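Below is one structure, written out as structure tokens; the observations come after it.
The values are calculated or read from the model by the stated rules, or taken from the named source; none is laboratory data. What you are looking at is a predicted structure, and each value in this text was computed from that prediction instead of being measured. All Cβ positions, even for glycine, are placed from backbone atoms using ideal geometry, and neighbour counts span all protein chains on display.
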Ligand code: ATP
């Protein structure tokens, strides 16, 4: 069993109390004041409820049996006051608990976001992003419910129950004892239900995440869906998952609602036997009915909190499943932490060198089989080769998205495994094939390259990236929102923004995955000019597709099946008649695209 499975087992097998203890330890202390206030309010709710039952004896005996008109108003006033107090206390506890709950949700969201950013790139490749996000959003409320349900149940229901049982015992202790004979079988039944609910809830979250994930993927890929008329196929696939989700939800409903007939049956048994016994006793002896009336009122009122408490384990089980799934993410240890003795990377010439680098994704086949080459400082090195040769993999090893299995990557003689990732990445700028724009303005998106860049520097970068003109033509210029809900930008415009982002970073090393997607000639010329600016004076490692980039590169590294097949300048390589480069070059002679 691998380490991940072992860890999941541990979290999953953790009991409700274990999960609860952890959640309280992580959140309880910061909310002690709020919880104390909520508990006080809940104690008021419990006391006033007990009082309402207790006063029934006086109502029956004094007002009805003894016909004492003088105390009727007093009693009614007291009852009204008790209800008023209960209303205020209920409001107070609900607001206090909601505020704490909202804060807990916010804190876990922040923790999760921070933690996700600390996890390695490989972790995200193992999970489908849309499903993953859906799972987080479904589960996060579990932690809030876990704590709030416990506080509410313990403070309100348990206190109310204790108060009412106190009233029952004070009125008739023998009858009170009789009530409890139903408890053991009921608890056993509920335990059985909650155990089965655990697996069903986990499965339901997984299936629901698949449903939500499928919807998100359809939305994201809507143009492909339509272009390939995938509607029918997708509908069939999603329908099956939705069916499963519906089945799971029904199963959960059947399981958790099974508690209702159980509690109702046992409660009915207890209440009817007690009533029968008490009624016969009153009929055949001359005890005044007041005490019995108060007893019955307390018993009936106790039913609700008792039922809720009995169901608590079942409700907590569902919340605990959610909390466990959140903890599984939070407990995933980020790989590739900086070494304890990691130093800061200092860059002078910005020469990048790979020495005998071997790499495989996870436990898969070896993708890089001993790659060595040198990208000279301030020069452009183009990676070319057939698809799947390992070019993108090389690019992703340099910012340490992944670590090589063996071999070294050196920047100015410093092994990147021995420096801090922060200092390493500060020295790099990356332009990917598919430019990603984040929610925010155009200015924000360029500024992500360097958060302390001034507005003037941002505009300068945009000018160099041939983006300034089209940015000004947008409705709010640099402040125009982009990203999912922002303006629609063309592929070339997006690329120029991402080049501007790289330019503003002003890093000595540029990693570039040249776009293969066809742009119109005008846009392509603009993107090419922007790239020329980005590349000048830097060490550039480019996965090159365009013939012009390759021909102008200072060095070409030809990759084939995870190895360096050849290296040299265009002139040198093109002259080798049997070389891979010459073959690739001849193949694409008629095109301008080398891929
Ligand atoms: P292309 O020009 O098509 O982008 P490439 O030369 O850049 O190809 P890579 O993307 O580095 O090639 O892929 C090399 C091999 O690694 C391929 O066989 C691919 O299937 C595999 N691979 C790439 N990314 C992953 C990943 N995240 N997990 C597992 N295998 C991967």
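Of all residues in region 276-300, those that are closer than 17 Å to residue 60 by Cα and not in a loop (DSSP other than H, G, I, E, B) total 16. Considering region 478-595, the qualifying helices (runs of 4 or more DSSP H), each wholly inside and each with 2 or more residues that are out of contact with any helix residue (DSSP H, G or I) (no Cβ under 7 Å at 6 or more places or on another chain) and either within 16 Å of the ligand (Cβ to nearest atom) or at pLDDT 90 or above (or both), run over 547-552, 580-587.
Filtered by the rule that a residue be within 15 Å of the ligand (Cβ to nearest atom) and either buried (at least 18 other Cβ atoms within 10 Å of the Cβ) or modelled with pLDDT under 90 (or both), region 367-380 gives 367, 368, 371, 373.
Among the residues of region 132-140, is any assigned by TED's automatic domain parsing to the domain that holds residue 291, closer than 30 Å to residue 400 by Cβ and modelled with pLDDT under 80? No, because not a single residue in region 132-140 is assigned by TED's automatic domain parsing to the domain that holds residue 291, closer than 30 Å to residue 400 by Cβ and modelled with pLDDT under 80. Considering only region 347-361, I want to know if a residue exists there that is over 33 Å from the mean Cα position of the chain (by Cα), closer than 19 Å to residue 539 by Cα and within 13 Å of the ligand (Cβ to nearest atom). No, there is no match, as no residue in region 347-361 is over 33 Å from the mean Cα position of the chain (by Cα), closer than 19 Å to residue 539 by Cα and within 13 Å of the ligand (Cβ to nearest atom). Taking each residue of region 392-415 that is outside the structural domain of residue 367 (by TED's automatic domain parsing) and more than 16 Å from the ligand (Cβ to nearest atom) and looking for partners that are modelled with pLDDT of 95 or more and in a strand (DSSP E or B) with beta-carbon atoms closer than 8 Å, six or more apart or interchain, yields nothing.
Could you tell me which numbered condition residue 430 fails, if it satisfies all but one of (1) part of a strand (DSSP E or B); (2) within 9 Å of the ligand (Cβ to nearest atom); (3) within 32 Å of the chain's Cα centre (by Cα)? Here residue 430 clears every test but (2).
When residue 434 is tested against (1) closer than 15 Å to residue 509 by Cβ; (2) touching a helix residue (DSSP H, G or I) at 6+ places or on another chain (Cβ under 9 Å), just one condition goes unmet, and that condition is (1).
Rundown of residues vs (1) within 16 Å of the ligand (Cβ to nearest atom); (2) closer than 30 Å to residue 245 by Cβ; (3) not in a helix (DSSP H, G or I), yes/no style:
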site: 84; (1), (2), (3): no, no, no
site: 132; (1), (2), (3): yes, yes, no
site: 142; (1), (2), (3): no, yes, no
site: 162; (1), (2), (3): no, no, no
site: 166; (1), (2), (3): no, no, no
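Considering only region 367-380, state which residues are under 24 Å from residue 570 (Cα atoms) and in contact with a helix residue (DSSP H, G or I) (Cβ under 7 Å, 6 or more places away or on another chain). Scanning region 367-380 gives 368, 371, 380. Please enumerate the residues belonging to region 177-195 that are buried (at least 16 other Cβ atoms within 10 Å of the Cβ) and under 30 Å from the mean Cα position of the chain (by Cα). Scanning region 177-195 gives 193, 194. So is residue 236 surrounded by 14 or more Cβ atoms within 10 Å (Cβ to Cβ) and free of Cβ contacts under 8 Å to residues at least 60 places away in the same chain or not? When the stated conditions are applied, residue 236 does not pass them. Would you confirm whether any residue within region 372-381 is on the phi < 0 side of the Ramachandran plot and within 38 Å of the chain's Cα centre (by Cα)? No: region 372-381 contains no residue that is on the phi < 0 side of the Ramachandran plot and within 38 Å of the chain's Cα centre (by Cα). For region 341-366, the candidate set comprises residues that are in contact with a helix residue (DSSP H, G or I) (Cβ under 8 Å, 6 or more places away or on another chain) and not in a loop (DSSP other than H, G, I, E, B); within that set, the residue that is modelled with the lowest pLDDT is 343.
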